[in-house]
1. Any residue in the range 14-35 that's touching a residue at least 60 places away in the same chain (Cβ under 8 Å): show its pairings with residues that are outside any helix (DSSP H, G or I) and open to solvent by 30 Å² or more (accessible area, probe 1.4 Å) at Cβ separation under 8 Å, as long as the two are six or more apart or on different chains.
2. Tell me yes or no: at least one residue of the range 74-89 is among the polar types (S, T, N, Q) and in a strand (DSSP E or B).
3. How many residues, within the range 50-73, are open to solvent by 30 Å² or more (accessible area, probe 1.4 Å), assigned to a strand (DSSP E or B) and within 20 Å of SER116 (Cβ to Cβ)?
4. Going through the range 67-102 one residue at a time, which ones are over 15 Å from VAL35 (Cβ atoms) and within 17 Å of the chain's Cα centre (by Cα)?
5. Just to be sure I understand the filter: pairs with C-beta atoms under 8 Å, separated by 6 or more residues or on different chains, first member in the range 118-139 and farther than 9 Å from SER22 by Cα, second member open to solvent by 90 Å² or more (accessible area, probe 1.4 Å) and assigned to a helix (DSSP H, G or I). Which pairs pass?
6. So which of ALA118, ALA105, ALA127 ends up being at pLDDT 95 or above and open to solvent by less than 70 Å² (accessible area, probe 1.4 Å)?
7. Among the residues of the range 71-85, write down those that are in contact (Cβ under 8 Å) with a residue 12 or more places away in the chain and closer than 12 Å to HIS61 by Cβ.
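The values are calculated or read from the model by the stated rules, or taken from the named source; none is laboratory data. Source: prediction; values computed, not measured. Backbone-built Cβ (ideal geometry, glycine too); neighbour counts: all protein chains shown. For the accessible areas, the whole protein counts, side chains as well, though only heavy atoms, and no ligand, DNA or RNA atoms are used. Shrake-Rupley method; radii C 1.70, N 1.55, O 1.52, S 1.80 Å.
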Amino acid sequence: MEVPGAGYVVLTLLAAFFGALSLKYARRLLTVARVLRRGVRTDGECVRVEWEPHESDAKRHFFTFVTADGTRVEFEDLAAWSTTKGTPVTVTYDPRDPQGTATVAGRDSWSPVLQSLALTAGCGMAALGFTTLLLHEVFGG
């Protein structure tokens, strides 16, 4: 049984989902670029790595560092596949918002700017592709 308009709904939801992800990563890209130019650098460490329960190869990396005023901050960030618990890293952050701006910025990690740029571009292209398919369906070829 075919539901009229179901294809439009699916394409709209996919375009919206990837568009929202693209905006999220674009904001992160701007934050990371700003922090890398003007932020404070300090030593940090990977404190844990969590595997996503339903995705066998997806890992979440959590890091910690101590700000200049002695506050311990823990944050999640993208990291190299080889990063494990206890791996030392360089952290860059904005002292006005350490929790919201901290990023791993070291020689041994893929540049945080490139990671955010790749995610922004990939999700943006997916959103554009689904939007194009939707418009093609709605207005014909």
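1. Note: no pairs meet the criteria.
2. No, there is no match, as no residue in the range 74-89 is among the polar types (S, T, N, Q) and in a strand (DSSP E or B).
3. So the count comes out to 2.
4. Matches in the range 67-102: GLU74, GLU76, ALA79, ALA80, TRP81, THR83.
5. LEU134/TYR8; GLU137/TYR8; VAL138/TYR8
6. Sole residue among the options that is at pLDDT 95 or above and open to solvent by less than 70 Å² (accessible area, probe 1.4 Å): ALA127.
7. Of everything in the range 71-85, those that are in contact (Cβ under 8 Å) with a residue 12 or more places away in the chain and closer than 12 Å to HIS61 by Cβ turn out to be GLU74, PHE75, GLU76, ASP77, LEU78, ALA79, ALA80, TRP81, THR83, THR84, LYS85.
Table: residues versus (1) modelled with pLDDT of 90 or more; (2) among the polar types (S, T, N, Q).
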residue	(1), (2)
GLY5	no, no
PHE17	yes, no
ALA26	yes, no
GLU52	no, no
THR84	yes, yes
THR101	yes, yes
